[in-house]
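The values are calculated or read from the model by the stated rules, or taken from the named source; none is laboratory data. Since we're looking at a predicted model, the values are computed, not measured. With ideal geometry, Cβ positions are generated from the backbone for all residues, glycine too; neighbour counts draw on all protein chains shown.
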Amino acid sequence: MKGLTGKVAIVTGGASGIGEAIVLRLAEEGCKVALFDINLEAAQGVAKKAEDAGFAGSVSPYVTDITSLDAVEASVDKTESELGPIWMLVNNAGWDKPAPFLSTGPDLWQKIVSLNLMGPINLHAAVCKRMAERKEGRVINVASDAGRVGTSNEAVYSACKGGTIAFTKSMARELARNNVLVNAVCPGPTDTPAMAAVVGTGPEAEKWKESMARGIPLRRMAQASDYPGLIAFLGTEDASYMTGQAISISGGLTMS
């Protein structure tokens with residue numbers, strides 16, 4: 001894609017699922033990818049996959065707890081000193097433990113908020129000030145359709161993703177004069193390891209996924225590979241007049 005070769009991109013939560021697919025696509029597009037994750041072994045595995053695909057040296061893992069602003073600042077400093085100025089930030093890391101809201105408590109709420117809302121806020125704080133000073137940059141926040149329409153058993157997660165969408169639009173307004181473009185991508189139901197951890201992998205899980213797919217106009221659940229193309233595009237010169245948008249990729253499950 002136009003304008004990505006040699007650019008530095010941070011991808012949070014890039015060691016598995018959607019994040020891994022984003023990392024590998026950006027490596028293919030010629031980016032120097034800083035993979036922020038708390039799982040070093042898995043992150044190194046993704047870097048090895050990029051190397052095996054012919055993109056040796058394109059992925060650099062950084063062990064980072066995105067819930068800590070100090071940790072984020074340290075990893076961002078290291079990224080710029082080792083790879084160069086950051087052009088693109090993809091806030092992908094996320095986590096949830098689905099349950100009826102009234103059966104949960106403050107410890108779980110705080111964990112969900114810390115990772116899904118405060119994590120991206122920390123990354124914006126550390127990265128966007130640098131982009132604003134240079135008057136260039138792209139931020140893509142991986143939100144969720146849960147933040148647009150709500151989801152049963154994911155009330156706090158949905159609140160975080162709704163907050164991410166609102167934060168995206170607010171930051172897009174604040175940073176527009178500095179040529180820093182901020183957009184959100186909103187996945188629908190996706191067949192990833194994170195989903196398998198919730199619904200399992202046996203026959204009952206397959207029945208659940210088939211039932212979910214029947215409610216989607218395209219009659220299938222998303223795969224991790226359905227997202228990196230749009231995310232890469234939003235980092236290119238061809239997307240230089242797009243900011244403040246929240247774009248659903250949901251097989252038509254949600255339409256606007």
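On the basis of being within 15 Å of the chain's Cα centre (by Cα), in a helix (DSSP H, G or I) and modelled with pLDDT of 95 or more, does residue 18 make the cut? Steps first, answer last, please.
Working: within 15 Å of the chain's Cα centre (by Cα): yes; in a helix (DSSP H, G or I): yes; modelled with pLDDT of 95 or more: yes.
Taking the combined requirement at face value, the residue satisfies it.
When 77, 96, 65 are screened for being of a type outside the set (A, V, I, L, M, F, W, C) and over 30 Å from residue 136 (Cβ atoms), only 96 passes. Just one residue in the set 104, 79 is under 27 Å from residue 177 (Cβ atoms), buried (at least 16 other Cβ atoms within 10 Å of the Cβ) and hydroxyl-bearing (Ser, Thr, Tyr); that residue is 79. If you take the residues in the stretch 217-253 that are touching a helix residue (DSSP H, G or I) at 6+ places or on another chain (Cβ under 8 Å) and among the β-branched types (Val, Ile, Thr), which one is nearest to residue 21 (Cα to Cα)? It comes out as 231. Among the candidates 136, 154, the residue that is within 18 Å of residue 13 (Cβ to Cβ), among the acidic types (Asp, Glu) and touching a residue at least 12 places away in the same chain (Cβ under 8 Å) is uniquely 154.
Test of understanding: among 120, 61, 98, 85, which residue is under 25 Å from residue 184 (Cα atoms), at pLDDT below 95 and either crowded, with 22+ Cβ neighbours inside 10 Å or not hydroxyl-bearing (Ser, Thr, Tyr) (or both)?
Details: 120 fails: at pLDDT below 95; 61 fails: at pLDDT below 95; 85 fails: at pLDDT below 95.
The unique qualifying residue is 98.
Across the stretch 156-190, the number of residues qualifying as among the aromatic types (Phe, Trp, Tyr) and outside any helix (DSSP H, G or I) comes to 0. In this structure, residue 166 does not satisfy being over 30 Å from residue 81 (Cα atoms) and surrounded by 21 or more Cβ atoms within 10 Å (Cβ to Cβ).
In the set (1) under 18 Å from residue 11 (Cβ atoms); (2) free of Cβ contacts under 8 Å to residues at least 24 places away in the same chain, residue 231 fails one condition alone, (2).
For the stretch 55-74, the set of residues classified as without any contact (Cβ under 8 Å) to a residue 40 or more places away in the chain and among the small types (Gly, Ala, Ser) consists of 56, 57, 58, 60, 71, 74, listed by residue number. If the condition is being more than 21 Å from residue 161 (Cβ to Cβ) and in contact (Cβ under 8 Å) with a residue 60 or more places away in the chain, then the stretch 236-251 contributes 236, 237, 238, 239.
When residue 153 is tested against the conditions (1) touching a Leu at 6+ places or on another chain (Cβ under 9 Å); (2) closer than 24 Å to residue 67 by Cα; (3) in a loop (DSSP other than H, G, I, E, B); (4) not hydrophobic (A, V, I, L, M, F, W, C), the lone failure is (1).
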